[in-house]
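Have a look at the structure below before the remarks.
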Amino acid sequence: MEKSNKHLMYVLECVDETYYTGYTNNLEHRLTVHNSGKGAKYTRARLPVHCIYFEEYDTKQEAMRAEYAFKQLTRKQKINRIRSGEQ
């Protein structure tokens, strides 16, 4: 498992159509961990999950600030942000 210099804020869509937002520096590995049932408690009961959005940052602190800010948005605001910056 290779770490990278990329720091990502990511959004997963769960099977129940809810969102989970997190931080990682290896998105492919993190997604595998979530889908194996060993990720966050929230996602374990909502598998499978898939990544619908991510943003890349230079530092871990910036990515974690973005994660926190995204979590403060309403669902409608989250949808608009995802749509405006679709990957």
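Where a number appears in this text, it was derived from the coordinates with a stated rule and is not lab data. Being a predicted model, the structure only gives us computed values, none of them experimental. Because the Cβ atoms are built from the backbone with ideal geometry, glycine has one as well, and the counts that use them run over all protein chains shown.
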Exercise. Collect the residues in region 10-40 that are in contact with a Ser or Thr (Cβ under 7 Å, 6 or more places away or on another chain) and among the aliphatic types (A, V, I, L, M), keeping them in residue-number order.
Key: VAL11, LEU12
Quiz prompt | Matching residues, region 14-42, being more than 20 Å from ALA66 (Cα to Cα) and of a type in the set (Val, Ile, Thr) | solution = VAL15, THR32, VAL33
Quiz prompt | Selection within region 43-77 - in contact (Cβ under 8 Å) with a residue 24 or more places away in the chain and more than 19 Å from LYS6 (Cβ to Cβ) | solution = THR43, ARG46, LEU47, PRO48, VAL49, HIS50, LYS71, ARG75
Quiz item: Restricting the first residue to region 23-36 and requiring it to be crowded, with 17+ Cβ neighbours inside 10 Å, which pairs with a second residue that is β-branched (Val, Ile, Thr) meet a Cβ separation below 6 Å and a spacing of at least six or different chains?
Solution: ARG30/THR24; HIS34/THR43; HIS34/VAL49
